[in-house]
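The values are calculated or read from the model by the stated rules, or taken from the named source; none is laboratory data. A quick note: this is a predicted structure, and the numbers were derived from the prediction, not measured. As a convention, Cβ positions derive from the backbone with ideal geometry for all residues, glycine included, and neighbour counts pool all protein chains shown. Ligands, DNA and RNA are stripped out before the accessible areas are found, and what is left, the full protein with its side chains, is counted by its heavy atoms. Shrake-Rupley method; radii C 1.70, N 1.55, O 1.52, S 1.80 Å.
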Amino acid sequence: MEYDFRAIEKKWHEKWAGQGTYKVVEDSSRPKYYVLNMFPYPSGAGLHVGHPLGYIASDIYARYKRQCGFNVLNPMGYDAYGLPAEQYAIQTGQHPAVTTEKNIARYREQLDKIGFSFDWDREVRTCEPGYYHWTQWAFQKMFGSYYCNKCQCAQPIEKLIQHFEKQGTAGLDVACSEELTFSPAEWNAMDEKRKSDVLMNYRIAYQGETMVNWCAGLGTVLANDEVVEGVSVRGGFPVEQKKMRQWCLRVSAYAQRLLDGLDTIDWSDSIKETQRNWIGRSEGTEMQFKVKDSDIEFTIFTTRADTIFGVTFMVLAPESELVAQLTTAAQKADVDAYVAAVRKRTERERIADRKVTGVFSGSYAINPLTGESIPVWISDYVLAGYGTGAIMAVPAHDSRDYAFAKHFGLEIRPLIEGCDVSEESFDAKEGIMMNSANAELNLNGLTVKESIAATKRYVTEKGIGRVKVNYRLRDAIFSRQRYWGEPFPVYYKNGIPTMLPEECLPLQLPEIKDYKPTESGEPPLGHATEWAFDTKSNKVVSKSLIDNVTVFPLELNTMPGFAGSSAYYLRYMDPKNDNALVSAQADNYWKCVDLYLGGSEHATGHLIYSRFWNKFLKDLGVSVVEEPFAKLINQGMIQGRSNFVYRIKDTNTFVSLGLKNQYDTTPIHVDVNIVSGDVLDVEAFKAWRPEYETAEFILEDGRYICGWAVEKMSKSMFNVVNPDVIIEKYGADTLRMYEMFLGPLEQSKPWDTNGIDGCHRFIRKMWTLFTDRDGSLKISDDAPSKEELKSIHKLIKKVTEDIEAFSFNTSIAAFMICVNELSQLKCNKRQVLTDLVKLIAPFAPFIAEELWEALGNSTTVCDAKWPEFNEDYLKEDSITYSISFNGKTRFTMDFAADASQDEIQAAVLANEKAQSYIDGKPIRKVIVVPRKIVNIVL
RNA sequence: GCUCGAAUGGUGGAAUGGUAGACACGAGGGACUUAAAAUCCCUUGACCUUUACCGGUUGUGCGGGUUCGAGUCCCGCUUCGAGCACCA
């Protein structure tokens, strides 16, 4: 019986499919375990060997858990809506629905070959109406909710309306875009449109006129996490700030819960830290400043209330509404010019060029503690979107204020004893205060910390300020001016956004011919002809029927990519349910994802949105847990290992790596698939590109050696390795083993096909443990020897510990050692080999099934009980200790395994050789390290 | 600038404060073979010593410290990676 992996893998693939081996149903008699991978975007390029890394790791864990008796949910699906899918469609000139379908089929084919234990009956696709029904449903629920700060949860908007009717805004503590004040009478007098606008200020899904990241290159607005350094993450197009009316999600309302939740989940510190940074909680003080010779008051936010006596000017953000109010007639021309100039600058220019700029408004504010008049300036170093868009400037103790003061020649007043502010500001929150006293408040002599507390207390009591917590986290912009996304289930009733009745969901994405985005931001859905809502028949009808009486226009924007990926883990629990996102019964059984695997690049995107979305669903009573992903592992990226050939300049001659320094050469990327062990297949190279057909080579030792470098795996570097090619040559089991063997799961590491032979040899070596050269099974029912039992139980212990710690590379090393030992021992004992098959099953399921069957089992190895470790087999009769003097090993001694430390110590000191080292010198210390070393310190 | 993480042979990487370099690749040598492939065995951090065996020195980015003993812990750097960044 030769190890014919192609036949074996085909056979088991069919059996698994035929027998529904991986079908999962809720089973209250067994504990559940939910393993999940971040589902892929089905891109046009197909999978490369980097993609399945996380899937393999989670599949190993899922299979292990199943063998340990858990009912394991391990689903897979596709994140099919969104920018990448649409960009690919546009590039290839095909409809996104067509390319998406094609790409999914290709992904599925590739995934299937690797032997995953996915329950494909639970597959979800975000672009299918049966799925996005519930994305739209959740959006409607968010629209119909506001966030109560008192009870820290979402509430139905009807409750808020009742409050307005009875009390207006009095006694309200809710999340909002801006603080409004009105009486019940005023509320009741509002017309429908006005009421709608007011409620938008409170809804969790709301429409707001906000500064957005507008990307003309992609023809859409983007969320903050989709923009890096002023350009779009997708495509790298410039992004500018623009005021637009957009749908937004009030993620900021959940900032504190998102922060607190981090302490309850098992995620890496680095990703928690990233999220904490992104949420950016900052505890400070809001203070009122009166404007001189005016009844205008404005509020600033500061974390350094203690420095109030050092304020020498104020600064407003150019976008602030106060700018118009505070600018004096004399300064108006200058201010207008400045504001216009700032508006012209894109985000990118602001980042690239951080010049100090600003303009005086002409007004003065009154310092509430000193009564001094202080000039109010306008500068773009103050951001409109953070705090109140206005600050008090303390140049002595803030480097930005310092730079501004120096530039415009404003006063710098130090407040901390002994600090030198002649060259730079003293920003540290330490030291003893000075120059900080008025008739009622004396901070002099206090530490900075004490002063902050004292000032907070003072301004609160005096009613000139209050303690305030600010967050950097902004609301998520939820509209995209693109075609390929979930349509909003919204129509416009005379300008008032209105939700479609729930029974009309899902609102299906219409087929249109021209789905390309437009530079002006006009959504492609504007081209749809059947895109109006008839409130009489509750049907989508032609736009030509719009009469704004019973037939109204539908929303033209679509939802962003993260909409569909925010609650998909819930849908896997109950993917075919037409009546609910998930049934209470399924939800109560599976609860949350126990193990979530994916890349760390989603730290500030998907992983925030998903947590937010889940918290909202929890408030609604749909999700049963506060945090959706109990444990998160971020697998590292697989990088490419590129190969180079060296062309001598202006020739078609290529010189081997070792000789290239003798010539003037240009390195050229060469396809890694025609290079083996850094040796170029010269004939394949000639056939690779027409221009190389006549290439000549300068060889060393008769071979052409290529150079190499680790780079991102990408088509343009010709270093993409397709898993299909590896599987064809070595089999899926070898691929799985090798991906895990490459290195620690969470670390980025380069793919190097050269090393794969080691894993393939291991698989074949294991095969020969079971079979004779003539192909017959060579299993014996004799009792195993002591050595054999020791070897396999060492493995059981190591592999069990390593899987629990997700240290798969070291467990594979342990397999290699064990199989080597068993080969040396010529072990053919059923008991030992049965355990070996059970242990290898999660890693190499195909060969495990084949051998499991060969051992005479009729069930699948997936349900084979995980072997139990027995410590007795590892016990040794005697242990060799190294005897050291002053840290240097001198000789060895054997002791019984159960010898006590005292016995060992006494025996060593009585030993003749030891005596010769001691040689009458006093012994300071004897250290007996269990099972290892006896160190005698003289 | 702030926060977090990393640095070990030619390569990927192992090492609860206890014999650094497991395991694998690559390389070198050998066995089998007409030959090759496949397979198996040996060597493989560097340096020194030796005909050989044996033996020695040194060695985990750099500089200190704690300890009988440090890749591992502490302090101070260097370099690389990641996140945040006029966030008041």
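Dividing the summed helix terms, -39500 (n - 2.57) for each DSSP H run of n ≥ 4, by the number of residues in chain A produces a 222 nm estimate of -10000 deg cm²/dmol to the nearest 500. Heavy-atom accessible area with a 1.4 Å probe sorts A:LYS456, A:LYS102, largest first, into A:LYS102, A:LYS456.
For the range A:99-173, lysine pairs with C-alpha atoms less than 22 angstrom apart, excluding pairs fewer than eight positions apart on the same chain, total 5.
Close amide H pairs (under 5 Å, H built 1.01 Å from N) link A:LYS493 with A:THR498, residues at least 5 positions away or on another chain. For A:SER43, the accessible area of its heavy atoms, probed at 1.4 Å with every protein chain present, is near 50 square angstrom.
Scalar couplings 3J(HN,Hα) for the range A:711-725, obtained by applying the Karplus form with A = 6.51, B = -1.76, C = 1.60 to θ = phi - 60°, are 9, 4, 6, 7, 3, 5, 9, 6, 10, 7, 10, 8, x, 4, 5 Hz; x denotes Gly and Pro. Under the simplified labelling scheme, the A:ASP894-A:ASP919 pair shows an inter-label distance of 3.0 nm, with each label point 7 Å from Cα along Cα→Cβ.
Here the range A:604-727 is assigned +1 on the Cβ of each Lys and Arg and -1 on the Cβ of each Asp and Glu. Its dipole about the Cα centre then comes out at about 600 debye. Think of chain A as having a plus end and a minus end, set by charges on the Cβ of Lys, Arg, Asp and Glu; of A:MET559, A:TYR692, A:ALA897, A:ALA897 sits farthest toward the positive end of this dipole. When A:HIS669, A:HIS397, A:HIS13 are compared by accessible surface with a 1.4 Å probe, the order from highest to lowest is A:HIS13, A:HIS669, A:HIS397.
Which pairs, out of A:LYS242/A:LYS462; A:LYS243/A:LYS290; A:LYS32/A:LYS786; A:LYS15/A:LYS65, put more than 32 Å between their alpha-carbon atoms? Long pairs (Cα-Cα over 32 Å): A:LYS242/A:LYS462; A:LYS32/A:LYS786. For the range A:699-745 versus the range A:866-934, the spacing of their alpha-carbon centroids is 47 Å. Here the range A:175-207 is scanned for amide nitrogen atoms under 12 Å from the site 7 Å beyond the Cα of A:ARG466 along Cα-to-Cβ, giving A:179-180. Figure note: A:LYS591, A:LYS660 ranked by solvent-accessible area, largest first, 1.4 Å probe, ligands and nucleic acids not counted: A:LYS591, A:LYS660. Straight-line cross-link reach from A:LYS576 at under 16 Å between alpha-carbon atoms covers these lysines, not counting any fewer than eight positions away in the same chain: A:LYS23. One Cα centroid belongs to the range A:79-122, the other to the range A:471-526; the line between them spans 23 Å.
Positive end of the dipole of the range A:32-139 (Cβ unit charges, origin at the Cα centre): among A:GLY77, A:ALA45, A:TYR132, the Cα lying farthest that way belongs to A:GLY77.
Rounded to the nearest 20 debye, the dipole size of the range A:548-606 about its Cα centre is 60 debye, using +1 on the Cβ of Lys and Arg and -1 on the Cβ of Asp and Glu. Here the range A:51-71 and the range A:257-308 have alpha carbon centers that stand 42 Å from each other. Are any of the pairs A:LYS749/A:LYS794; A:LYS875/A:LYS932; A:LYS272/A:LYS591 more than 24 Å apart by Cα-Cα distance, and if so, which? Violating the 24 Å Cα-Cα cut-off are A:LYS749/A:LYS794. Computed from Cα atoms, the angle from the helix A:845-854 axis to the main principal axis of chain A rounds to 40 degrees. Each residue of the range A:394-410 was assigned a 3J(HN,Hα) from its phi angle through the Karplus expression (A = 6.51, B = -1.76, C = 1.60, θ = phi - 60°), giving 10, x, 5, 10, 8, 5, 6, 4, 4, 4, 5, 5, 4, 5, 9, x, 8 Hz with x at Gly and Pro.
Charge tally around A:ASP191: other residues with Cβ under 14 Å, Lys/Arg +1 each, Asp/Glu -1 each, net +1. When +1 charges are put on Lys and Arg Cβ atoms and -1 charges on Asp and Glu Cβ atoms, the dipole computed for chain A relative to its Cα centre reaches about 320 debye. When you restrict to C-alpha pairs under 8 Å that are six or more residues apart and normalise by the size of the range A:295-420, the relative contact order lands at 38 percent.
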